[in-house]
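Presented below is the structure to which this report refers.
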Amino acid sequence: MTIPDGVTSIGEFAFSGCTGLTEITIPDGVTSIERYAFYGCENLTKITTPDSLISFGYNAFWGTQWLTTKHEETPLLIVNGVLIDWTTCTGSVTIPDNVTSIGEWAFFYCEKLTGITIPDSVMNIGWDAFSHCTSLTEITIPYGVISIEESVFYSCTSLTEITIPNSVTNIGPNAFDYCTKLTNITIPNSVTSIGYDAFCAWESLTEITIPDSVVSIGTAAFKGWKSLTKVIIPDSVTSIGSFVFDDTPWLTGKQKENPLVIINEILIDGKTCAGSVTIPDSVTAIGGGAFYGCAGLTEISIPDSVTSIGVNAFGDTP
C-alpha cells in the first residue's frame, strides 16, 4: 500500500486491525504517526519511512510482524533519531548519541531496567516513557529537554535520585507520581508550572522549595507526602489546584494554626472549619476542594474581594 503525497499525519487507529496489509510506503512530508495507527496489522512485514517522520505515538506498530522482526535485530528500536520501542533491555542501558527523542511508552513497564544514560542529543521525552520501570534507581535528564511530559516516571518505585536541568519549564501531570523512594528533588528556576499529581504520594521528603519562576501548581501535586513538614511557596504562585497538600503533616500543622489556610491570597483549605465562617477581605480566590467534605460548616461569608471559586470548593458538604 502507498499513502498519497500531501499527507502529513497518520491518525490514531488509522489502519488498526488491517490484517490483510503486508507492506506500506509512507511518503515524504509525513511528520507523525499517531497512537495505534498500525496496531494489530499482524501481517505487516515491511514499512518504508521518510526522513520527515519525527513523531511516533505509543503502540503505533504493536502486533505487527515488522515490529517483531525489529525486536530480533536490536533491543532499542530507533527510527529517524526517535527511540520508539525497547524489547529485551535489562540492567543499565546507554542510549546512543544519534537519538534526539524518546517516544511515548518507549520503556513502559521495563521492570528489569536498573539504569539509563540519556545523551545530550535528546530534546524530548514522551508520555509514560519510563512509567513503571520499577527497578530504575536514578536518572539524569539532559539539558535541552523543555518539558517533562505526563507520567514519564510514574510509579518508578525504586527511583531515589533525579536531576532536572534548568532547561525544563514544565513538569507535567503525574510526572513523578508514586516515586515513593525519592529522597531529594530540586525544582529548577526555569520551571513555570507543575501539573496535577506531579509529585504525589512521596514518603521520605520532609521539605520542598518551589522556585520563584513557578506561577501555577496543579491539583494534588504534593498530596500524600507523609513526612512533609516545610513548604516554601514564592509570591509568584498565583494558581493552586485542589488538594495540593492534602494528607501531609505540613497542612495539618497549618490547620492547627488557623482553620483557614491562605497562601498568596488563595484560600487553599478550610476543611477543619466549623459553624459560621467569615473569609477575610485579603482573599481573592477560593481554591478547588477548599471546603470539600467540611461537615461542621453551617454558614459562610464570602467577601467582594473573591473573584474565583474553584471546582468542588464546597463539594460534599452536608
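The values are calculated or read from the model by the stated rules, or taken from the named source; none is laboratory data. Here the structure is a predicted model, which means the values were calculated and not measured. A quick note on method: Cβ atoms are made from the backbone with ideal geometry, for glycine too, and the neighbour counts reach across all protein chains shown. All accessible areas refer to the heavy atoms of the entire protein, side chains included, with ligands and DNA or RNA removed. Shrake-Rupley method; radii C 1.70, N 1.55, O 1.52, S 1.80 Å.
General observations
- Charging the Cβ of each Asp and Glu at -1 and of each Lys and Arg at +1, and nothing else, the dipole of the chain about its Cα centre rounds to 540 debye.
- Shape category assigned to the range 1-105 from the gyration tensor of Cα positions, a/c cut at 1.5: oblate
- Within the chain, helix-based [θ] at 222 nm, where runs of 4 or more DSSP H residues each add -39,500 (n - 2.57), nearest 500: -1500 deg cm²/dmol
- Taking every lysine pair in the chain that is 8 or more places apart or spans two chains, those with Cα atoms closer than 27 Å amount to 18.
- Taking 0.36 nm per residue of separation and subtracting the current Cα-Cα distance, fully stretching the chain between residue 311 and residue 229 would add 26.9 nm.
- Built from the Cα atoms of the chain, the convex hull projects on average onto 18.5 nm², one quarter of its surface area.
- Residue-wise HN-Hα couplings along the range 41-50, as the Karplus relation 6.51 cos²θ - 1.76 cosθ + 1.60 with θ = phi - 60° gives them from phi, are 7, 5, 9, 6, 10, 9, 10, 9, 10, x Hz; Gly and Pro carry x.
- Per residue value of the accessible surface for the range 106-196 (all protein chains in place, 1.4 Å probe), Å²: 38
- Between residue 137 and residue 216, full extension at 0.36 nm per residue minus the direct alpha carbon distance yields a gain of 25.6 nm.
- Relative contact order (%) - criterion: Cα under 8 Å, at least six apart; region: the range 111-228: 19
- Descending semi-axes in Å of the range 186-297, equivalent ellipsoid built from Cα gyration tensor: 23, 16, 12
- Considering only alpha-carbon pairs that sit under 8 angstrom and 6 or more positions apart, the relative contact order computed for the chain is 7 percent.
- Whole-angstrom gap from the range 181-223 to the range 117-171, using each part's C-alpha centre: 14
- Evaluated with a Cβ-only charge set (Lys, Arg +1; Asp, Glu -1), the range 34-182 carries a dipole of roughly 120 debye about its Cα centre, given to the nearest 20.
- Over the range 177-318, relative contact order from alpha-carbon pairs under 8 Å, at least 6 apart, %: 16
- All other residues whose Cβ lies under 10 angstrom from that of residue 269 are scored, Lys and Arg at +1 and Asp and Glu at -1, for a net of +1.
- Sum of side-chain charges, residue 106 neighbourhood, beta-carbon under 12 Å (Lys, Arg +1; Asp, Glu -1): -4
- Three-way shape label, the range 96-196, alpha-carbon gyration tensor, a/c 1.5: rounded
- Within the accessible area of the chain (1.4 Å probe), percent carbon and sulfur: 48
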